[in-house]
1. Say each of residue 86 and residue 39 gets a label point 7 Å from the Cα, pointing the same way as Cα to Cβ; how far apart are those two points in nm?
2. Give the peptides 108-121, 135-148 in descending order of average Cβ contacts within 10 Å, highest first.
3. Ranked from the most accessible area to the least, with a 1.4 Å probe and all protein chains present, what is the order of 182, 170?
4. Quick check: convex hull over the Cα atoms of the range 36-86, volume per residue in Å³, rounded to an integer?
5. Once the other residues with Cβ under 11 Å from the Cβ of residue 156 are scored (Lys, Arg +1; Asp, Glu -1), what is the net sum?
6. Note down the relative contact order for the range 83-192 as a percent, whole number, built from C-alpha pairs under 8 angstrom at least six residues apart.
7. What fraction, in whole percent, of alpha-carbon pairs in the range 50-183 exceed 19 Å separation?
Amino acid sequence: MEILASLTHPLFSLWGMPLSAGDISGFASGLICVWLTTRANVWNFPTGIVNSAILGLVFFQQRLFADAALQIVFIALSILGWRQWLHHRHAQESSPVFQTSLREQLCLAGIGLLTTLALWQILVWLKGTAPPVDALITALSLCAQWQLNRRQTSSWAWWIIVDVISIPLYWSRDLPLIAALYAVFLLICAKGWWHWRSLAQPRLATAAA
């Protein structure tokens, strides 16, 4: 509890917004992580692990239990993704990303819906705050991370949806800097999607040939 208190205790105010160590460190590590991901750089995974650990504690203190538990899953998936990328040496490829199929996207959408409904009920039982939105963000994020580990360009579209939903939620929970972080994520994700699609073009041309 002392760790939670130190992370969420306001250090100073910026334009009337109280900022804590958790806000600032989560903001900085999150930006670095997403920027590295847009570059298809394998170091996005260790940076993401640090970011997830920080945000997990902050969200737990705010009783956003699904988001807090999601960070633990992110850490596990990031370790797995880090290993996958290093093992296959994707960063050395000229086109280290892949496209995805409509069928796979529909399957993921169905899984996301079922996961959201299940988490919603669990969060109501735990008396968490904003159960439906918290559950939806968690379900969509899991689908997005799974695609990221497989280096699929479609992961960016899912992250964009997550960002759009997350911004008003975190703002309403008095986490202005985290909300601002996700607003920046939204812009970076749009750029990342465009960049990954350009990286996928050589692979598509080779497949067509």
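The values are calculated or read from the model by the stated rules, or taken from the named source; none is laboratory data. Just so it is clear, the model here is predicted, and its values are computed rather than measured. Neighbour counts run over all protein chains shown; Cβ positions are idealised from the backbone, glycine included. Ligands, DNA and RNA are stripped out before the accessible areas are found, and what is left, the full protein with its side chains, is counted by its heavy atoms. Shrake-Rupley method; radii C 1.70, N 1.55, O 1.52, S 1.80 Å.
1. 1.9 nm
2. Packing order, densest peptide first, comes out as 135-148, 108-121.
3. 182, 170
4. Measuring per residue, one finds 60 Å³ for the Cα hull of the range 36-86.
5. Neighbourhood net charge equals +1.
6. Reported as a whole number, the value is 22 percent.
7. Roughly 52 percent, once rounded to a whole number.
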